[in-house]
Amino acid sequence: MIKLLLSPLLIYFISIPVFSQESSVWKGYPNLGIMHYKVILDDVPEEQNNYQNPQFELSKLTTTENKVLNSIKIRYNVKTDVMECRIGSQHSTIKSPEKLKEVNINGKCFEYKKYLVKRDTTSGYLQKLYGCGQKIYAKYYIPSTKSKLDLKKTKSYYLIQNKGELPKKLNSPSALLSRLYKNLIKQANEFEKNNQLNLKNPADFEKLLTYLNHLSKDIVASR
């Protein structure tokens, strides 16, 4: 009889810190007007390709007022261009992305920005790959297919932003390299080949940009 009474009591007392922790984290969110409570299905196999990161990953939000919000897990839904969030057992989406300076998902930095594709202005999440002087971004998207049965894979393209201007879509990675590192094309090609990089992959392109940035700094320092 005593054991039967102890079990519910243990569950009750163990649950209190967890609930309190979730409540304390969530307490600041409504005042910022960023989050919107929503029921999100955790694992829907046929929708895994809609995500840049299918699993909720440890993340950090920084607001335009430089408030930092931790203890949150996020996954990026490329199809809907929405950040889906989880704190403990509760789910939400970011409903006011314009109030955020950046969303950092496991080391990947996303910014919600206006940008140009040809002559059209639109808004959405861009992943920042390079931020020294001119900024380089990657935009993820899912191309439309003729049949619903066709497998839809996430693709991406790159944008460049000059100071005081909107990010603009680039035709290709090579066009960007010729623009920023025209004197280091040989070294870029060698690094790409030696490391078996695929420049259509933002992670690989970021590695190349980081290498070229360090290389150009070393050249300047040696003069």
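Where a number appears in this text, it was derived from the coordinates with a stated rule and is not lab data. On a predicted model such as this, the values are computed, not experimentally measured, just so you know. Heads up, the Cβs are rebuilt from the backbone with ideal geometry, glycines too, and the neighbour counts pull from every protein chain shown.
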query: In sequence order, what are the phi-derived ³J(HN,Hα) couplings for segment 58-73 according to the Karplus relation 6.51 cos²θ - 1.76 cosθ + 1.60 with θ = phi - 60°, rounded to whole Hz, with x for glycine and proline?
result: 4, 9, 9, 10, 10, 7, 5, 9, 6, 8, 9, 10, 9, 6, 9, 10
message: Can you tell me the length gained on complete extension of the stretch residue 120 to residue 53, counting 0.36 nm per residue apart and subtracting the Cα distance?
response: 21.3 nm
- line: Note on segment 171-223: alpha-carbon gyration tensor, axes a ≥ b ≥ c; rule is a/c under 1.5 for rounded, else prolate if a/b larger than b/c, else oblate; result prolate
message: Could you give the length gained by full extension between residue 165 and residue 221, i.e. 0.36 nm per residue of separation minus their alpha carbon distance, to one decimal place?
response: 17.2 nm
task: Run the dipole for segment 171-223 about the Cα centre, Lys and Arg Cβ at +1, Asp and Glu Cβ at -1, nothing else charged, and hand back the magnitude in debye, nearest 20.
output: 180
FRET efficiency estimate (nearest 0.05) - Cβ-Cβ, residue 89 to residue 187, R0 41 angstrom: 0.25
query: In terms of modelled amide H atoms, which long-range or inter-chain residues lie less than 5 Å from the amide H of residue 130?
result: 136
